[in-house]
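Below: one structure, written as structure tokens.
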Amino acid sequence: MHGLQGHLGKAISGEANKSLRALPQVQRLLELPAAAALIQHATRSAVLDAIRAALDEARAGLLAGGTEAPSPESLIAAASRLLERHATQGMRRVLNATGIVLHTNLGRAALAREALEAVSEAAGYSNLEYGLDTGARAARAPGVEMLLRSITGADAAIAVNNGAAAMLLILSALASGGEVLVSRGELIEIGGGFRIPDVIQQGGARLVEVGTTNKTHLSDYAAAITQCTRAILKVHPSNYRMVGFTAEADLASLATLAHERGLLLIYDLGSGAMQEIAELPHEPTPAAAIAAGADAVAFSGDKLLGGPQAGLIVGREAAIAPLRRHPLLRALRLDKLTLAALEATLRLHQDPAIARARIPVLRMLTQDEAALASRADRIASLVQPPAQAEIIVSTAYAGGGTLPVHDIASCAVALSMPGLSADELARSLRLHRPAIVGRIAGGRVLLDVFTLEDADITLVADAIRSAAP
Ligand SMILES: *Cc1c(COP(=O)(O)O)cnc(C)c1O
């Protein structure tokens, strides 16, 4: 122990010194019955690591001024807590009871069953870049591009990792070294560090701001065009709305202006609703943007499209061809699992009615209130006792920066559990398998049923009942 004292350059009390020596050996702890019980749920080496970490923590505590060595039992308990924490760091299934459909922290869009099946089929070998008819190398996943063309009416399509990657590729391939005109009302930040001015700069282009925050006219764009201008960029302000004294140039007139002056019209559409949904506020569709004359339109795969994380680009062949040749494409391309899920989701979108029925995001956003009330009733009746449950009105949201000011009427089950605080109950539900994530309000745990599926109800009820102390 002299060595330790020397290393730290400060004195350790005799008491602490004695306690350090009293800490048990790893091997002795591993032989305790409590450790054997842990090994049944984790591997021996994981338990060994956890015990070592618990001992390190105890040692650090003593060196920091603690005096009493923890008992072998409390060391094993600490190791058990560490193992539990590690287990929750692996990906786990979550039942979303937040009422936020596209919850970024919970993985945005839940995939359709058809997409899940396509993923498992593609997980082994697949014809990813292989022509089964020719027996030779072929284009990568041509199905996705074909479906995107057919749904949006575009001549050409390409799919990359996410919406941000789509914009980076478009700007790098089409506007690098030149100027891009953007309305001052559309210089937005999406979240996660995606800001339009930064992406333009990263793409090697120069941003030219036009108009004012609340009003930008076609003439503002026309006046800003120079010999260096390459493109006009229109951005859908996904996550906020301007109301009041506002004006923007419509897409068709922007397309006419761009084409008269030899420029491209790029549209960052954000969510990219594939169909008009009567129950929801108007969202521009890629098909309408193509019809209005946009050259390249970008949107996400995991917002209103309801598929996997992806960035989709549709447009005119002349605008898309440089993207296919750009070196960034190799770095931004999709893997086979995502392509499989995307293709299956797009296939569902070929028929709007099928898309609404099968794609969870659309099914949730168009469900009727009677379905919500009966789901809440079933949960409440399954959990009392041991819990106390009340059905209350709640507000659901599309989320994910989509339809930001659109409140949707929903129901939540407000829960309390005798003997547990709301925090303790919420934590117990989060640590259950599958995990249940709700929110706390007014001293109760609220589970919004808007984002739960009927098939989840018994799982949710089981989790609540098993939280009883
Ligand atoms: C969401 C969004 C993006 C980013 O898309 P990700 O798929 O999240 O990368 C870009 N632009 C707009 C307008 C968006 O709404």
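The values are calculated or read from the model by the stated rules, or taken from the named source; none is laboratory data. Owing to the predicted nature of the structure, the values given are computational and were not obtained by experimental measurement. Here the Cβ is made from the backbone with ideal geometry for all residues, glycine too, and neighbour counts use every protein chain on show. Protein only, heavy atoms only, side chains kept; ligands, DNA and RNA dropped before computing areas. Shrake-Rupley method; radii C 1.70, N 1.55, O 1.52, S 1.80 Å.
Across region 81-130, what is the total count of residues that are of a type in the set (A, V, I, L, M, F, W, C) and out of contact with any strand residue (DSSP E or B) (no Cβ under 8 Å at 6 or more places or on another chain)? Can you show your working first?
Going through region 81-130, the residues of a type in the set (A, V, I, L, M, F, W, C) turn out to be 82-83, 87, 91, 94-95, 97, 100-102, 106, 109-112, 115-116, 118-119, 122-123, 128.
Still in the list and also out of contact with any strand residue (DSSP E or B) (no Cβ under 8 Å at 6 or more places or on another chain): 82-83, 87, 91, 111-112, 115-116, 118-119, 122-123, 128.
Counting residues in region 81-130 that are of a type in the set (A, V, I, L, M, F, W, C) and out of contact with any strand residue (DSSP E or B) (no Cβ under 8 Å at 6 or more places or on another chain) gives 13.
In region 217-249, which residues are away from the ligand (no atom under 16 Å from the Cβ), modelled with pLDDT of 95 or more and not in a helix (DSSP H, G or I)? Steps first, answer last, please.
Looking only at region 217-249, we keep the residues that are away from the ligand (no atom under 16 Å from the Cβ), and these are 217-230, 243-247, 249.
Among the residues that remain, those that are also modelled with pLDDT of 95 or more are: 217-230.
217, 225, 226, 227, 228, 229, 230, listed by residue number.
Checking the conditions here, which among 420, 337 is touching a Pro at 6+ places or on another chain (Cβ under 9 Å), open to solvent by 40 Å² or more (accessible area, probe 1.4 Å) and either closer than 29 Å to residue 114 by Cα or among the β-branched types (Val, Ile, Thr) (or both)? Please lay out each step first, then the result.
Details: 420 fails: either closer than 29 Å to residue 114 by Cα or among the β-branched types (Val, Ile, Thr) (or both).
Matching residue, one of 420, 337: 337.
Checking residue 410 against (1) of a type outside the set (Lys, Arg); (2) within 16 Å of the ligand (Cβ to nearest atom); (3) assigned to a strand (DSSP E or B), which test does it fail?
Single failed check for residue 410: (2).
Within region 203-216, count every residue that is in a strand (DSSP E or B) and in contact with a Ser or Thr (Cβ under 9 Å, 6 or more places away or on another chain). Spell out the reasoning first.
Taking region 203-216 and keeping what is in a strand (DSSP E or B), we get 206-210, 215.
Narrowing the set further to residues that are in contact with a Ser or Thr (Cβ under 9 Å, 6 or more places away or on another chain) leaves 208-210, 215.
So the count comes out to 4.
Check off (1) within 21 Å of residue 272 (Cα to Cα); (2) of a type in the set (S, T, N, Q); (3) open to solvent by less than 20 Å² (accessible area, probe 1.4 Å); (4) under 18 Å from the mean Cα position of the chain (by Cα) for residue 98 and give me the number that stays unchecked.
Just one mismatch for residue 98, condition (1).
So, of the residues in region 146-178 that are more than 16 Å from the ligand (Cβ to nearest atom), of a type outside the set (Gly, Ala, Ser) and under 19 Å from residue 348 (Cα atoms), which turns out to be surrounded by the fewest Cβ atoms within 10 Å (Cβ to Cβ)?
Here the answer is 146.
Considering only region 387-407, state which residues are under 16 Å from residue 436 (Cβ atoms) and either in a strand (DSSP E or B) or within 16 Å of the ligand (Cβ to nearest atom) (or both).
If we filter region 387-407 for residues that are under 16 Å from residue 436 (Cβ atoms), which is where we start, we get 387, 389, 394.
Across region 387-407, the qualifying residues are 389, 394.
Rundown of residues vs (1) more than 30 Å from residue 314 (Cβ to Cβ); (2) over 31 Å from the mean Cα position of the chain (by Cα); (3) not basic (Lys, Arg), yes/no style:
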position	(1), (2), (3)
45	yes, yes, yes
52	yes, yes, no
66	yes, yes, yes
102	no, no, yes
135	yes, yes, yes
145	no, no, yes
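Condition check: free of Cβ contacts under 8 Å to residues at least 12 places away in the same chain, farther than 30 Å from residue 228 by Cβ and open to solvent by 40 Å² or more (accessible area, probe 1.4 Å). Does residue 134 satisfy that? Please lay out each step first, then the result.
Details: free of Cβ contacts under 8 Å to residues at least 12 places away in the same chain: yes; farther than 30 Å from residue 228 by Cβ: yes; open to solvent by 40 Å² or more (accessible area, probe 1.4 Å): yes.
Judged against the criteria, residue 134 is a match.
Restricted to region 384-398, and to residues that are in contact (Cβ under 8 Å) with a residue 24 or more places away in the chain and within 27 Å of the chain's Cα centre (by Cα), which residue is most open to solvent (accessible area, probe 1.4 Å)?
397
Confirm whether residue 392 is more than 20 Å from residue 462 (Cβ to Cβ), at pLDDT 95 or above and among the β-branched types (Val, Ile, Thr). Talk me through it step by step, then tell me what you get.
On the way: more than 20 Å from residue 462 (Cβ to Cβ): yes; at pLDDT 95 or above: yes; among the β-branched types (Val, Ile, Thr): yes.
Answer is yes for this residue.
Among residues belonging to region 256-269 that are closer than 29 Å to residue 102 by Cβ and either free of Cβ contacts under 8 Å to residues at least 40 places away in the same chain or open to solvent by less than 10 Å² (accessible area, probe 1.4 Å) (or both), point out the one that is farthest from the ligand (Cβ to nearest atom). Spell out how you get there, then give the answer.
If we filter region 256-269 for residues that are closer than 29 Å to residue 102 by Cβ, which is where we start, we get 265-269.
Going one step further and asking which of them are either free of Cβ contacts under 8 Å to residues at least 40 places away in the same chain or open to solvent by less than 10 Å² (accessible area, probe 1.4 Å) (or both), we end up with 265-267, 269.
Working: 265: 15, 266: 11, 267: 9, 269: 7 Å.
The residue in question is 265.
With at pLDDT below 95 and either open to solvent by 20 Å² or more (accessible area, probe 1.4 Å) or within 16 Å of the ligand (Cβ to nearest atom) (or both) as the only criterion, which of 357, 371 stands out? Give the derivation first.
Numbers: 357 fails: at pLDDT below 95.
The match here is 371.
Which condition breaks for residue 112 when tested against (1) more than 16 Å from the ligand (Cβ to nearest atom); (2) farther than 28 Å from residue 325 by Cα; (3) open to solvent by 40 Å² or more (accessible area, probe 1.4 Å); (4) of a type outside the set (Asp, Glu)?
(3)
Mind listing whichever residues of region 222-239 are basic (Lys, Arg) and open to solvent by 40 Å² or more (accessible area, probe 1.4 Å)? Let's see the steps before the verdict.
Initial filter on region 222-239 (basic (Lys, Arg)): 230, 234.
Answer for region 222-239, where residues must be basic (Lys, Arg) and open to solvent by 40 Å² or more (accessible area, probe 1.4 Å): just 230.
For region 302-324, which positions are surrounded by fewer than 24 Cβ atoms within 10 Å (Cβ to Cβ), in contact (Cβ under 8 Å) with a residue 24 or more places away in the chain and more than 18 Å from residue 343 (Cβ to Cβ)?
316, 317, 320, 321, 322, 323, 324, listed by residue number.
Restricting to region 345-354, count the residues that are over 16 Å from residue 118 (Cα atoms) and either in contact with a Leu (Cβ under 8 Å, 6 or more places away or on another chain) or crowded, with 20+ Cβ neighbours inside 10 Å (or both).
We begin by selecting, within region 345-354, every residue over 16 Å from residue 118 (Cα atoms); these are 350-354.
Filter again for either in contact with a Leu (Cβ under 8 Å, 6 or more places away or on another chain) or crowded, with 20+ Cβ neighbours inside 10 Å (or both), leaving 350, 354.
Total meeting the criteria: 2.
Let me confirm something: among 351, 423, which residue is more than 16 Å from the ligand (Cβ to nearest atom), of a type in the set (Asp, Glu) and over 29 Å from residue 302 (Cα atoms)? Before you say what the answer is, go through the steps one by one.
Working: 351 fails: over 29 Å from residue 302 (Cα atoms).
Exactly one of 351, 423 is more than 16 Å from the ligand (Cβ to nearest atom), of a type in the set (Asp, Glu) and over 29 Å from residue 302 (Cα atoms), namely 423.
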